[in-house]
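Everything below concerns the one structure shown next.
The values are calculated or read from the model by the stated rules, or taken from the named source; none is laboratory data. Every value quoted in this text rests on a predicted model; they were computed, and no experiment measured them. Reconstructed Cβ throughout: ideal geometry from the backbone, glycine too, with neighbour counts over all protein chains shown. Areas reflect the complete protein model, heavy atoms only, side chains present, ligands, DNA and RNA absent. Shrake-Rupley method; radii C 1.70, N 1.55, O 1.52, S 1.80 Å.
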Amino acid sequence: MFEISERAQRYRDELLAFMDEHIYPAEAVYEAQMAESGDPHFQPPIVEELKTEAKKRELWNLFHPHAEWGPGLTNLEYAPLAEIMGRSAHLAPEATNCAAPDTGNMEVLTLFGTPEHKEQWLRPLLDGEIRSAFAMTEPAVASSDATNIQLRMERDGEDYVLNGRKWWTSNALHKNCKVLIVMGKTDPSAPTHRRQSMMVVPIDTPGVTVQRGLPVFGYQDREGHAEVSFENVRVPATALLAGEGDGFMISQARLGPGRIHHCMRAIGMAERALDLMIDRAQSRVTFGEPVANRANIQDWIAEARIEIDMARLLTLKAAYLMDTVGNKAARTEIAAIKVAAPNVALKVVDRAIQVHGGGGVSDDFPLASMYAHLRTLRLADGPDEVHKRSIAQWELRRRDPNWGKRA
């Protein structure tokens with residue numbers, strides 16, 4: 001069922017060569033350029049060089065399901081490619097123009113943008129000339145329930161006026177970020193899931209202020225996770241995506257593919273962490289023999305292989321269902337992998353850190369930053385608990401369609 005297609009195999013072979021010949025050797029250059037700049041949000045020249053090389057190899061916009069804008073790969077075809085990119089998550093996705101949150105934003109603009117949106121924002125995003133951010137989460141409310149959001153979008157003649165505050169607006173501190181997709185409340189009196197709308201807001205619009213970049217376990221990620229205030233931000237009514245009240249619908253359309261992409265990359269991180277764990281265990285000697293000879297280390301290695309492969313199969317199943325019956329019908333599998341993949345990867349990385357000893361928590365190895373990223377992924381695009389709650393409700397209703405609907 002999950003056999004890789006001929007065209008996906010071609011891309012896989014090309015991508016593996018690109019990783020070996022360019023991405024992995026560039027990691028040290030990237031770190032050196034970042035350190036020399038002294039700016040946590042610096043755009044290192046090596047990234048632009050990698051983008052040029054990826055374009056030349058036609059390893060570009062691989063995520064985009066619409067053939068007009070990319071190769072038109074299915075989710076099942078893209079899955080092994082995203083996994084490969086996840087092995088160097090801070091370089092490979094951006095180098096191939098497959099980085100979040102741009103991927104989700106590009107799909108939103110493709111599906112719901114006006115011709116003007118596509119010309120002004122989608123085209124330069126697809127060309128890798130600019131970056132974007134997605135502003136949904138808010139500091140004052142539990143944003144795992146998207147109906148809680150409070151940022152107001154009030155109609156004023158031919159404009160909307162935005163007031164509120166967002167945070168964890170990933171990518172807003174990237175040097176090339178030019179546009180935000182903002183979710184807010186247009187009609188507080190409408191039915192619960194029709195109160196929200198989404199708008200395209202240039203980041204330099206008067207009243208938009210990036211207050212700070214939020215650190216993640218002490219890391220200031222290069223793209224930044226910004227707290228952003230909106231004070232009387234005036235945008236034309238043409239900034240609206242789809243229609244007024246369509247914000248929740250758009251968010252669901254956006255988050256399904258975004259979640260599976262995250263999970264694919266998480267599996268790639270886990271595979272690289274397993275390789276690092278094995279190499280370290282084989283090369284370090286304690287009490288007269290390699291660490292790899294210890295029974296508990298061999299258990300960890302075996303369990304990692306079993307758990308990674310299980311998570312991969314569940315991810316591929318979700319991708320297959322998204323392609324064949326649609327995102328809504330695949331919602332259980334999408335929710336399940338969003339719980340399973342980051343947890344499996346986090347467990348593998350944690351054990352790899354343990355095998356590395358003190359080195360594992362340093363910046364000499366990628367494990368500490370992997371851990372921070374994966375632990376955050378258990379919250380991003382909905383925390384584990386929300387996804388498990390959804391799965392449980394669907395299962396209960398499978399046995400009793402009226403469960404939870406009784407008076």
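Worth pointing out:
- Within region 330-354, the set of residues being of a type outside the set (Asp, Glu), farther than 19 Å from Asp381 by Cβ and either open to solvent by 20 Å² or more (accessible area, probe 1.4 Å) or modelled with pLDDT under 95 (or both) comprises Lys347, Arg351, Ile353, Gln354.
- Top-ranked residue in region 142-161 [being open to solvent by 40 Å² or more (accessible area, probe 1.4 Å) and assigned to a loop (DSSP other than H, G, I, E, B); ranked as farthest from His90 (Cα to Cα)]: Gly157
- Considering the conditions (1) in contact with a Gly (Cβ under 9 Å, 6 or more places away or on another chain); (2) surrounded by fewer than 17 Cβ atoms within 10 Å (Cβ to Cβ); (3) at pLDDT 95 or above, Asp275 is excluded by exactly one of them, (1).
- Single unsatisfied condition, Leu255 versus (1) among the aliphatic types (A, V, I, L, M); (2) modelled with pLDDT under 95; (3) open to solvent by 20 Å² or more (accessible area, probe 1.4 Å): (3)
- Some residue of region 376-384 being over 16 Å from the mean Cα position of the chain (by Cα) and either buried (at least 17 other Cβ atoms within 10 Å of the Cβ) or among the polar types (S, T, N, Q) (or both): no
- Unique residue being touching a Cys at 6+ places or on another chain (Cβ under 8 Å) and under 29 Å from Lys317 (Cβ atoms) when the list is Met85, Met19: Met85
- Only strands (runs of 3 or more DSSP E) whose full extent lies in region 162-239 are considered here, and the ones with at least 2 residues that are under 27 Å from Leu126 (Cα atoms) and open to solvent by 40 Å² or more (accessible area, probe 1.4 Å) are 208-213, 225-236.
- When each of Asp400, Asp363 is tested for being farther than 26 Å from Ala79 by Cα, of a type in the set (D, E, K, R) and open to solvent by less than 60 Å² (accessible area, probe 1.4 Å), the lone residue that passes is Asp400.
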